[in-house]
Structures are given as structure tokens and as C-alpha cells.
Amino acid sequence: MILPPFNFALERIDMKRFTALLALFVALAPALLAQEHYTQGPVWRIQLIRVKPTKMDAYLSSLRQSTKPFIEEEKKQGMITDYKIFLKETKHSPEDWDICVAIQYKNWAALDGQAAKAEAVRDKILGGKAQAQDLGDKRAEIREIISSELLQEIVLK
């Protein structure tokens, strides 16, 4: 039996390519598999708020007069993409929340430098830091923030 000549140089090149391809796959596999079920959507800042008894009218007035213009200005300047206010109609306990304020950002990068930009909007809409502090103090008398969260919206594939 005669064996064909074997070219070691050719096999070495093929093994190098195979090894490089395998290394690339191993490096990218976690990223590829991590997003197999969904794509990332916008980022939401959610505040769950419990309004003190008999203070709902006062709190809604405060939201309409101060928060809405502030958020609308942020939206106008492109700092946020949208916002929603939710009123919870079902309570499971007296400790449950009443109102949810949800602010939508395009992505995580949109939060970079957000504090400085928000201060400029605060000064424009509310008149400055002292006025914003007064508003916060008044709101503390009529509501309690139960939770404040950052959430990533996902879209299932």
C-alpha cells in the first residue's frame, strides 16, 4: 500500500485557521447567547409613590403645575424620549403605592451627564435650587417615595 505524500505545512496553516476561528467563536459566544431571547429597548426610571390620605388632589396639582413642565422641557431638549404617569386602581395593602412616574431614556448612554442637564432645566422651569428644595419639602408632606428604579425594557424575539 502506498500512502500519498503528506504536506505538514498545509495542515499547520489549516490548524492555525481552525484555532483562530475557534478562539473567535469562544470569545463572541457569551455576547451572542446573552441576547438570543430579546433585543434591548429604552431605559426607564420608575418612581412608585404613595400619596398620603386625602392628599391626592394636592399631589396631582403639584405634578401638573411643576413636574409636567419640567419633564416636557426635558423632552423638548431631547434629554428624555417619553414619560408616563400611572394611577394604581387596585391596592393590596395600605402600604401599597398610588402613582407611578415613568421617564423613558433612549438608552443607558442618555443618562451620562443627566444631572447637570437636569439642573439647567430645574433652574429654567422652577427658578433655581432653593425653589426646587421648597417644592420637594412641600411634596414630602403629602407623599412618600416607595421605590425608585432604573429598568431596561426588552423586546422578545
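If I filter region 96-109 down to residues being within 17 Å of residue 149 (Cβ to Cβ) and exposed (fewer than 15 other Cβ atoms within 10 Å of the Cβ), which single residue comes out as farthest from the chain's Cα centre (by Cα)? Talk me through it step by step, then tell me what you get.
We begin by selecting, within region 96-109, every residue within 17 Å of residue 149 (Cβ to Cβ); these are 96-105, 107-108.
When the remaining residues are screened for being exposed (fewer than 15 other Cβ atoms within 10 Å of the Cβ), the result is 96, 107-108.
Working: 96: 23, 107: 7, 108: 6 Å.
It comes out as 96.
Take region 110-119 and flag every residue that is more than 15 Å from the chain's Cα centre (by Cα), surrounded by 14 or more Cβ atoms within 10 Å (Cβ to Cβ) and either of a type in the set (Gly, Ala, Ser) or not assigned by TED's automatic domain parsing to the domain that holds residue 67 (or both).
Matches in region 110-119: 118 only.
Give me the pairs: first residue in region 85-104 and more than 27 Å from residue 73 (Cα to Cα), second residue surrounded by fewer than 18 Cβ atoms within 10 Å (Cβ to Cβ) and β-branched (Val, Ile, Thr), beta-carbon distance under 9 Å, and six or more apart or on different chains, which are they?
Between residues of region 85-104 that are more than 27 Å from residue 73 (Cα to Cα) and residues that are surrounded by fewer than 18 Cβ atoms within 10 Å (Cβ to Cβ) and β-branched (Val, Ile, Thr), the close pairs are 95/146; 96/90; 96/146.
Here is a check on your reading of the model: is residue 132 surrounded by fewer than 13 Cβ atoms within 10 Å (Cβ to Cβ) and out of contact with any strand residue (DSSP E or B) (no Cβ under 6 Å at 6 or more places or on another chain)? Let's see the steps before the verdict.
Values: surrounded by fewer than 13 Cβ atoms within 10 Å (Cβ to Cβ): no; out of contact with any strand residue (DSSP E or B) (no Cβ under 6 Å at 6 or more places or on another chain): yes.
It is false that residue 132 is surrounded by fewer than 13 Cβ atoms within 10 Å (Cβ to Cβ) and out of contact with any strand residue (DSSP E or B) (no Cβ under 6 Å at 6 or more places or on another chain).
Of the residues 109, 58, which single one is under 30 Å from residue 35 (Cβ atoms), at pLDDT 95 or above and not in a strand (DSSP E or B)? Walk me through it before giving the result.
Details: 58 fails: under 30 Å from residue 35 (Cβ atoms).
Testing whether each residue is under 30 Å from residue 35 (Cβ atoms), at pLDDT 95 or above and not in a strand (DSSP E or B) leaves just 109.
Please give the number of the condition residue 64 fails out of (1) crowded, with 17+ Cβ neighbours inside 10 Å; (2) out of contact with any Phe, Trp or Tyr (no Cβ under 8 Å at 6 or more places or on another chain).
Result: residue 64 fails condition (1) only.
Taking the condition part of a helix (DSSP H, G or I), in the same structural domain as residue 46 (by TED's automatic domain parsing) and of a type outside the set (Gly, Ala, Ser), does residue 74 pass?
On the way: part of a helix (DSSP H, G or I): yes; in the same structural domain as residue 46 (by TED's automatic domain parsing): yes; of a type outside the set (Gly, Ala, Ser): yes.
Criteria met by residue 74.
With (1) modelled with pLDDT under 95; (2) of a type in the set (Phe, Trp, Tyr); (3) closer than 16 Å to residue 145 by Cα as the list, and residue 86 as the residue in question, which single condition is left unmet?
Single failed check for residue 86: (1).
Of everything in region 77-95, what is of a type in the set (Ser, Thr, Tyr), surrounded by 14 or more Cβ atoms within 10 Å (Cβ to Cβ) and either part of a loop (DSSP other than H, G, I, E, B) or not assigned by TED's automatic domain parsing to the domain that holds residue 150 (or both)? Give them in sequence order.
We begin by selecting, within region 77-95, every residue of a type in the set (Ser, Thr, Tyr); these are 81, 83, 90, 93.
Then keep just the ones that are surrounded by 14 or more Cβ atoms within 10 Å (Cβ to Cβ); that gives 81, 83.
Across region 77-95, the qualifying residue is only 81.
The values are calculated or read from the model by the stated rules, or taken from the named source; none is laboratory data. Small disclaimer: the values here were computed from a predicted structure and weren't measured. Cβ coordinates were reconstructed from backbone atoms using ideal geometry, including for glycine residues, and neighbour counts include every protein chain displayed.
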